[in-house]
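The values are calculated or read from the model by the stated rules, or taken from the named source; none is laboratory data. These figures come from a predicted structure and were not determined experimentally. Here Cβ is always computed from backbone atoms with ideal geometry, including for glycine, and neighbour counts include all displayed protein chains.
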Amino acid sequence: MFKKILLVLVVAVGGFLAFAATRPDTYHVERSTSIDAPAAVVFSQLENLKAWEAWSPWEKRDPAMKKTYEGPPLGVGAAYSWEGKESGAGKMTVTNSEAPRLLKLRLEFIKPFTATAAVEFKLASAGGKATGVTWAMDGTNNLMGKVFGIFMNMDQSVGGDFEKGLAGLKTVAEAEGEKQAAAAKAKAEADAAAAAVVRAEAEAATRAAMEAEAASKGKAKGKK
C-alpha cells in the first residue's frame, strides 16, 4: 500500500514538473508613467542609486535591510547590494548610462533564490516639460522559476511594485523639479536685479561725467 502511495506521489510530482517545464522560458514586465519634470531631473533620481531610498517600493517594505554601495557614485559600475529578512539578498549594478534618456542595470537575486534579470529605464519627452518614463525588466525562467510562475503571475506581482515605484518617483522628481525651477527663477531675478544696479550705476557715472565735462567747457568759455 505504501509503495502504491509513493508511486502515485512520484507520478504526480513528475507530472507537475513536466507541466511546469512547458511554461515560458522568459518573462517581461513593463510599466510606464508621465512625470511633470524635465528628463534631467528624473534621470538624476535613477542614476544615483542612493536616491532610490526616497521612492523605491522595496525600501519601504524592508526599511531595516542592510545596504552597501560600491563603485562610482554615478554611471557604469555604480552598484548597490542589499540584505534583509523581508527583502532577501541581491545586488544591482549599472551597466549602461546615457543621460538623460537611458539607464540599464543588472539585477542579481541571491536569497531566497538565485536569478539574474536585466532592468531598463527609458525616458522620452511627453510634451512640454513632462517626461515619459518606462521601467522594464527581462529575465529567464529556470525550472524553479517556472514552478513559481504557476502560482504567481510575474507581471502582476512585479508590475505592482513597478507601479508603486513609478508613483514614488513621480512625487520625488516633480518636487525636485519645482525646487530647481524656483531656485532658477530666484537666481534669474537676483541676476536681473544686480544687472539693473550695474546699469543704473553706469548711467549715473555717465551723467556725472557729462555734467563735469559740460561744467568744464562752461568755465573755459567764461575765461575767454
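Values for this structure:
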item: Region 137-154, subset modelled with pLDDT of 75 or more and buried (at least 16 other Cβ atoms within 10 Å of the Cβ), residue nearest to the chain's Cα centre (by Cα); result: MET137
item: Among the candidates THR33, THR26, residue that is modelled with pLDDT under 95 and among the hydroxyl-bearing types (Ser, Thr, Tyr); result: THR26
item: Region 69-91, subset among the hydrophobic types (A, V, I, L, M, F, W, C) and touching a helix residue (DSSP H, G or I) at 6+ places or on another chain (Cβ under 7 Å), residue farthest from SER125 (Cα to Cα); result: ALA78
item: Exclusive hit being modelled with pLDDT under 85 and either part of a helix (DSSP H, G or I) or not hydroxyl-bearing (Ser, Thr, Tyr) (or both), set ALA188, ALA173, ALA220; result: ALA220
item: Which listed residue, of LYS67, LYS60, is within 21 Å of GLY159 (Cα to Cα) and modelled with pLDDT under 95; result: LYS60
item: Complete set of residues in region 35-45 that are farther than 9 Å from ALA99 by Cβ, in contact with a Pro (Cβ under 9 Å, 6 or more places away or on another chain) and not β-branched (Val, Ile, Thr); result: PRO38
item: Those residues of region 112-121 which are at pLDDT 90 or above, surrounded by fewer than 16 Cβ atoms within 10 Å (Cβ to Cβ) and not β-branched (Val, Ile, Thr), in sequence order; result: ALA118
item: Scope region 115-136; condition in contact with a Gly (Cβ under 8 Å, 6 or more places away or on another chain), under 13 Å from PHE43 (Cα atoms) and either hydrophobic (A, V, I, L, M, F, W, C) or not in a strand (DSSP E or B) (or both); matching residues; result: LEU123, ALA124, TRP135
